[in-house]
Amino acid sequence: MVGRSVDCQIVIDRPGISTQHASIRWTARGWILRDLQSRNGTLYNGARLVPPETRLLRAGDVLAFGERDEEWVIDDVGPPALVLLAGPDNGNDTVVIRVEDGPHALPSSDDPQGTFIPEGGMRWTFEDSEGGRRLVRDGETIDVGGVRWIVSVSPGDDETADAEHPILARTLGNASFAFRVSPDEETASARVTIAAAQIELRASASMYLLVFLARKRLDPDVPEGWVSTQLACDELSCTPEALNVSVHRARKALQAAGVVDAAGVVERKPRFLRLGLGTDRFTIA
């Protein structure tokens, strides 16, 4: 929202600007400009918009709100990002992190005490270190590792679904995994077949975590494959912190391979986790 009100995302405090002057929203087509019946109008490349008409923004477009004496040039028309701000109230310099894809861990990938996960459209969830997950809201504050972060989520429409054909999309629902376990049962690798392509994931402890969870999925004594965090730590001989690192690295490996819902490979709820694949989606050798 553009306007004179302090509730707008872009505040222009000038007499010729209406309280809620114009909107710029992300949709499946891209960024859409609309004048909100402002008193002095919105100019798009020199032409005044007549409500309710809209314009699809492109790089290089020139906008003016109310008057021509201040013009705004569109520089980037890429999709919106999650923005995290840690301010001076933390006792440090201001830090701004722009998250364009996820999962994204804080304070770092080596110490994932909290993880931001994209859920499709404009929605993001926050997963804490014990597996609890909730939807994040624009403007809320979240404490991670003793640092208070302000969350900014760009406004948009839920129609921003992936435009790819569902059969060809790189999603977990279209993937099959062939796990290979090392002789010493310390690491595992995987070959992922997805969208008519094969992806090799190198041997690592994080891939072995997926094998551990896959075996629990196959175990009839483990209801729906849900394993307590404590049991996983005991059987894998690791700390909860190390378990969180393995979860994050497994998700990031799939994200790097282009899987759009990579975070779902490990599903979590408070103090429990499981493999996010059905038993018909993997083999273990």
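The values are calculated or read from the model by the stated rules, or taken from the named source; none is laboratory data. Just so it is clear, the model here is predicted, and its values are computed rather than measured. When we count neighbours, we look across all protein chains shown, and the Cβ atoms used for this are built from the backbone with ideal geometry, even at glycine. Note: areas computed on protein heavy atoms with side chains; ligands, DNA, RNA excluded. Shrake-Rupley method; radii C 1.70, N 1.55, O 1.52, S 1.80 Å.
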Cα extents of the chain along the principal axes, largest first, in whole Å, come to 72, 47, 29
Rounded to the nearest 10 Å², the 1.4 Å probe accessible area of D111 is 60
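With contacts defined as alpha carbon pairs under 8 Å and 6 or more residues apart, what's the relative contact order of the chain in percent? Could the numbers behind the result be given before it?
Working: 591 pairs, mean separation 37.3, N = 285.
Answer for the chain is 13 percent.
Sort M207, M122, M1 from largest to smallest accessible area, using a 1.4 Å probe on the heavy atoms of the protein chains. It would help to have the intermediate numbers written out before the result.
Details: M207 0, M122 30, M1 65 Å².
Per-residue accessible area, sorted high to low, gives M1, M122, M207.
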Label model pair S176, E224: point-to-point distance (7 angstrom along the Cα→beta-carbon line) in nm is 2.6
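Taking loop as defined by DSSP and a crowding limit of 11 other beta carbons within 10 Å, which GluC sites (Glu not before Pro) in the range 184-250 fit? Walk me through the numbers before you get to the answer.
Details: sites: E185, E186, E200, E224, E235, E241; in loops: E185, E186.
Loop-located and lightly packed - E185, E186.
Please list 277-285, 143-151 highest first by mean number of surrounding beta-carbon atoms within 10 Å per residue.
Details: 277-285: 13.8, 143-151: 16.1.
Highest mean packing first, the order is 143-151, 277-285.
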Candidates L275, L231, L172; GNM for the chain (alpha-carbon contacts under 10 Å) flags as most fluctuating L231
Given all pairs of distinct Cα atoms, the range 1-64 yields a Kirkwood Rh in Å of 11.9
One finds the C-alpha centres of the range 206-285 and the range 18-43 to be spaced, in Å, by 44
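Starting from the residue with the highest accessible area, list F272, F177 in decreasing order, probe 1.4 Å. Don't skip to the end; give the middle numbers.
Working: F272 80, F177 5 Å².
Largest to smallest exposure gives the sequence F272, F177.
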With every protein chain in place, the accessible area of L236 for a 1.4 Å probe, in Å² rounded to the nearest 10, comes to 40
Rounded to two decimals, the Debye log10 I(q)/I(0) of the range 159-285 (Cα scatterers, no solvent) at q = 0.14 Å⁻¹ is -0.58
